[in-house]
1. Only residues that are out of contact with any helix residue (DSSP H, G or I) (no Cβ under 6 Å at 6 or more places or on another chain) and in a helix (DSSP H, G or I): list them for segment 316-325, please.
2. Yes or no: residue 377 surrounded by 18 or more Cβ atoms within 10 Å (Cβ to Cβ) and in contact with a strand residue (DSSP E or B) (Cβ under 9 Å, 6 or more places away or on another chain)?
3. For residues that are outside any strand (DSSP E or B) and crowded, with 17+ Cβ neighbours inside 10 Å, scanning just segment 445-487, find the one that is modelled with the highest pLDDT.
4. Six or more apart or on different chains, Cβ atoms under 9 Å: show the pairs whose first residue is in segment 304-322 and under 10 Å from residue 393 (Cα atoms) and whose second is outside any helix (DSSP H, G or I).
5. Any idea which of (1) under 25 Å from residue 137 (Cβ atoms); (2) at pLDDT below 85; (3) part of a helix (DSSP H, G or I) is the one residue 198 doesn't satisfy?
6. What are the residues in segment 349-360 that are closer than 18 Å to residue 408 by Cβ and under 14 Å from the mean Cα position of the chain (by Cα), if any?
7. Being in contact with a helix residue (DSSP H, G or I) (Cβ under 7 Å, 6 or more places away or on another chain) and either surrounded by fewer than 23 Cβ atoms within 10 Å (Cβ to Cβ) or touching a residue at least 12 places away in the same chain (Cβ under 8 Å) (or both) is the requirement here; does residue 341 meet it?
8. Given the conditions (1) over 21 Å from the mean Cα position of the chain (by Cα); (2) surrounded by fewer than 20 Cβ atoms within 10 Å (Cβ to Cβ), which single one is not true for residue 316?
């Protein structure tokens, strides 16, 4: 895929993608405010026994709800109007804000109920937003669009956490939750202006009745897992980003322990920690495009693990306020270099009719990794200490670095099925993409020259409504997707 990526400017030429970006930036800034309120109430609460235990509880509130709802989310994302989901979900998050506004020390049940609701709906919303990106930009602009949407959203989240922590320390949680609720209303208003028809391309066997959808949730979520497992170009990147999230989660808890328990600092220190990581993410956003033009995406991910591992091993030798911030910056930078290629590889690995449930599975794996990291921190930090934990994470990152390139080395993006017994130059009858074999109709075919090499190309219309351009280097090259045409 190197050389096929458009620029960020190209991605931003598409009006509905700009609207999606605006929704994510506003919404995820509000999400950051809510996360700051949770951390202030749980990790930095004076009556908490340990920082690690408090952060684990905050992580559970953020992560567990969507992990339970995730199997339902993907199936409905692939059937409901994705545009309506992006309109309604922010409103559903703003509605119970008054529960979170109540003093958590006196109204703990209401506080946790509001936080659980807000974070559950948020994960459903983000899975939808990620699934629709390929419908708003052409294939050559997909990685650039993911760079802006995913990492831009992450930066917005970090800005929200940074500002929220400072505001919480100065004015309490009521102020930041009020700002978050207003921001969600703004996000819903922007979503109303999206003009694209984002109704999903249904697979032929998909049921239409809601009662059938509900009955088949478990079966279809399991099917989504099977599609991922059968598709190395999907499961390999998802496994890699899950390993990254475990490492990041451990580093975050480690840093909180250093700030609170070693130096006795408050939630404002968490803001500076997030700010350092956000700066790393921002620089990663600015540089991932150049890296993608020069290197295969799996190589970028591998070297990002090397960078993160070496950084953590170096920091583990001497942990203090400044080296913790340096570690946060390095982890944020390497995260951007991993997350954008991973999202793009997963999007390209499966057809549109499966993306909702695949990204729901992806989101569950991604977030459970953070929760597992928070739980591991409760055991690791007292056992091997902060320095030993940082070194252990660094070693794991270095060991994982070569895994993804080897995992997908011999796996093509797509396979074409030709009529048995005919010559290779005859037209294909089906494609195998993301574990699904689907009949196709050839719209056109051609032989073209690219950089002095000859390629056979087809434009194929699939039965789910998707049209793709594919090509293969003559005479025996692997087939690859050049473009997924949008409506």
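The values are calculated or read from the model by the stated rules, or taken from the named source; none is laboratory data. Remember, predicted model here, so these are calculated numbers, not experimental data. Backbone-built Cβ (ideal geometry, glycine too); neighbour counts: all protein chains shown.
1. Residues of segment 316-325 out of contact with any helix residue (DSSP H, G or I) (no Cβ under 6 Å at 6 or more places or on another chain): 317-318, 320-322.
Result: 321, 322.
2. No.
3. Step one: of segment 445-487, the residues outside any strand (DSSP E or B) are 451-452, 463-466, 474-478, 486-487.
Add one more test, that the residue is crowded, with 17+ Cβ neighbours inside 10 Å, and what stays is 464, 466.
Numbers: 464: 73, 466: 82.
Step by step, filter segment 445-487, then rank; the result is 466.
4. Filtered contacts from segment 304-322: 309/401.
5. (3) is the only condition that residue 198 fails.
6. Correct list: 358 only.
7. Working: in contact with a helix residue (DSSP H, G or I) (Cβ under 7 Å, 6 or more places away or on another chain): yes; either surrounded by fewer than 23 Cβ atoms within 10 Å (Cβ to Cβ) or touching a residue at least 12 places away in the same chain (Cβ under 8 Å) (or both): yes.
Considered against the rule, which asks whether it is in contact with a helix residue (DSSP H, G or I) (Cβ under 7 Å, 6 or more places away or on another chain) and either surrounded by fewer than 23 Cβ atoms within 10 Å (Cβ to Cβ) or touching a residue at least 12 places away in the same chain (Cβ under 8 Å) (or both), residue 341 comes out as yes.
8. Of the numbered conditions (1) over 21 Å from the mean Cα position of the chain (by Cα); (2) surrounded by fewer than 20 Cβ atoms within 10 Å (Cβ to Cβ), the odd one out for residue 316 is (2).
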